[in-house]
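Below is one structure, written out as structure tokens, with a few remarks after it.
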Amino acid sequence: MKVPVVRIRRMNERPVRPRGEYVLYWMTGFRRVRSNFALQRAVELAVETGKPLQIVKTVEIGHI
């Protein structure tokens, strides 16, 4: 399923870097893998560019 266009918002005017080594998804607030438009968009970009998807999940000190 493709991410609905209304769920995509550009945060800057810079183009996608074709020489980049991977697509990065920085997981912070929504740690679910289902019903997550941001993660799905990262997957779409990885497929479109033929790059691997790297997912980073940070450890928050306040939750220990």
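The values are calculated or read from the model by the stated rules, or taken from the named source; none is laboratory data. Bear in mind that the values here come from a model prediction, so they are computed numbers and not experimental data. Heads up, the Cβs are rebuilt from the backbone with ideal geometry, glycines too, and the neighbour counts pull from every protein chain shown. Please note that ligands, DNA and RNA were not included when accessible areas were found on the heavy atoms of the full protein model with its side chains. Shrake-Rupley method; radii C 1.70, N 1.55, O 1.52, S 1.80 Å.
Can you find, within the stretch 43-59, the residue that is most open to solvent (accessible area, probe 1.4 Å) among those that are outside any loop (DSSP other than H, G, I, E, B) and farther than 15 Å from residue 1 by Cα?
Going through the qualifying residues, I end up with 57.
I'm trying to understand the selection: among the residues of the stretch 18-42, which are at pLDDT 85 or above, in contact with a Lys or Arg (Cβ under 8 Å, 6 or more places away or on another chain) and in a loop (DSSP other than H, G, I, E, B)?
If the condition is that a residue be at pLDDT 85 or above, in contact with a Lys or Arg (Cβ under 8 Å, 6 or more places away or on another chain) and in a loop (DSSP other than H, G, I, E, B), then 20, 21, 22 are the ones that fit.
Within the stretch 1-42, track down each residue that is within 9 Å of the chain's Cα centre (by Cα) and open to solvent by 60 Å² or more (accessible area, probe 1.4 Å).
Answer for the stretch 1-42, where residues must be within 9 Å of the chain's Cα centre (by Cα) and open to solvent by 60 Å² or more (accessible area, probe 1.4 Å): 24, 26, 37, 40, 41.
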